[in-house]
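A short worksheet on the structure shown next.
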Amino acid sequence: MAKILVVGGAGYIGSQMVKQLLKANYEVVVFDNLSTGYRDAVMGGEFVLGDLANRESLKQLFEQYSFDGVMHFASFIQVGESVLKPSKYYRNNLSNTLNLLDEMVEHNVKKLIFSSTAAIFGEPQYIPLDEKHPKKPINPYGLSKWMVEQILQDYDSAYNFKSVCLRYFNAAGADPEGEIGERHLPETHLIPLILQAASGRREKITIYGEDYETPDGTCIRDYIHVVDLCNAHLLALEQLLEEKPSAVYNLGNGEGFSVRQVIDTAKKITNQNIKIDMGQRREGDPARLVADSSHAKIALQWQPRYADLEKIVADAWQWEQKMLLKTL
Ligand code: UDP
């Protein structure tokens, strides 16, 4: 079976990916510096503690193993932080990624699944967003990802380096079997924050603005279950392994939910009262982000299994209750 390197395999999405790769009988090696990930989230395969900034340790990794493909999840993801600390984002998301790409080229491993983001589009010019939508990122996080996407096009032309860029909308939910889930410190994502307010680990949830041009005034996002997201990675990997050309796909459910709708769903699922605070708009938040994922559905034969927001919230709630028990 193919041997896959999962960079950032101890994080929220990377660890779910490792679980699914193992289930599909791939051999897995995780490379992670544990800066934001957890060793106990890696459910199997081999684990190598290492940093993409360290070219020497990357060289050793590629000399030790013969990989058939690489999946790259190791990036910083907070939009607000990227505005305040652009250097941190360009160093890791761009420069460290270049280290990985060059080591791959040097060792003739030329198949990469790259975690990209809807943040490359910036303010939407139309909804839903398809792959061709203009790319005008409005923060260093989005720009760092868009730069890598463009670099990958050049690497394909020059080195015959094949990649699939997967542009995530709002990754959410947790492992339905309850083994792994979101553990960001600090947590900034809507669904885990709401559920922490429901479990009592947090006092309240602050809604970032209710004066957007949406039916209830709060922002609309496209939440996609982390299992469905990883499933798309598996399909994309199969295509690369079958020598198919490079590609890019937008990954979402194609349905938008407002912040208020997510809170109402969480109230229903948890049966808890959730204290709400009305806050200011968060800088850089477009009113609406919804994916057109028809390209992935057709080309990858991908079909989200857990498209229902209630299922996404229910799985995240199961995980939050586990996290709550850990803190008691
Ligand atoms: N949001 C909010 N309160 C929070 C965190 C997020 O109202 O404490 C809103 C945010 O403005 C956005 C949506 O929830 O409209 C999803 O935000 P998240 O940070 O989860 O993901 P993003 O869309 O930034 O990738």
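Every number in this text was worked out from the coordinates using simple rules, so none of it is lab data. Everything numeric here is computed off the predicted structure, so don't read it as measured data. All Cβ positions, glycine included, derive from the backbone under ideal geometry; neighbour counts span all protein chains shown.
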*What about Leu241, is it touching a residue at least 60 places away in the same chain (Cβ under 8 Å), more than 12 Å from the ligand (Cβ to nearest atom) and closer than 24 Å to Tyr12 by Cα?*
no
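Considering each residue of region 274-308, count those that are within 13 Å of the ligand (Cβ to nearest atom) and under 18 Å from the mean Cα position of the chain (by Cα), and give that number.
The number of residues fulfilling the criteria is 4.
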*Are any residues in region 257-273 of a type outside the set (Gly, Ala, Ser) and within 16 Å of the ligand (Cβ to nearest atom), and if so, which ones?*
Phe257, Val259, Arg260, Gln261, Val262, Ile263, Asp264, Thr265, Lys267
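Can you tell me which residue among Ser75, Ser57, Ser82 is of a type in the set (Gly, Ala, Ser) and away from the ligand (no atom under 16 Å from the Cβ)?
Exactly one of Ser75, Ser57, Ser82 is of a type in the set (Gly, Ala, Ser) and away from the ligand (no atom under 16 Å from the Cβ), namely Ser57.
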*Could you look through region 244-274, keep only residues that are outside any helix (DSSP H, G or I) and in contact with a helix residue (DSSP H, G or I) (Cβ under 6 Å, 6 or more places away or on another chain), and pick out the one that is surrounded by the fewest Cβ atoms within 10 Å (Cβ to Cβ)?*
Gln272
*Taking only region 205-224 into account, find how many residues are within 18 Å of Arg281 (Cβ to Cβ), within 11 Å of the ligand (Cβ to nearest atom) and part of a loop (DSSP other than H, G, I, E, B).*
6
*For region 39-79, what are the residues that are over 26 Å from Gly142 (Cβ atoms) and in a loop (DSSP other than H, G, I, E, B)?*
Val42, Met43, Gly44, Gly45, Gly50, Asn54, Tyr65, Ser66, Phe67, Asp68
_Of everything in region 297-324, what is out of contact with any Gly (no Cβ under 7 Å at 6 or more places or on another chain) and in a loop (DSSP other than H, G, I, E, B)? Give them in sequence order._
Leu300, Gln301, Trp302, Gln303, Pro304, Arg305, Ala307, Asp308
*Please specify each residue of region 86-122 satisfying the condition of being in a loop (DSSP other than H, G, I, E, B), more than 16 Å from the ligand (Cβ to nearest atom) and touching a helix residue (DSSP H, G or I) at 6+ places or on another chain (Cβ under 8 Å).*
His107, Val109, Lys110
*Residues within region 174-202 that are within 12 Å of the ligand (Cβ to nearest atom) and part of a loop (DSSP other than H, G, I, E, B), tallied*: 7
*Could you check, for region 114-124, whether at least one of its residues is among the charged types (D, E, K, R) and crowded, with 17+ Cβ neighbours inside 10 Å?*
no
_Filter result for the condition that a residue is out of contact with any Lys or Arg (no Cβ under 8 Å at 6 or more places or on another chain), in contact (Cβ under 8 Å) with a residue 24 or more places away in the chain and of a type in the set (D, E, K, R), over Glu179, Glu213_ = Glu213
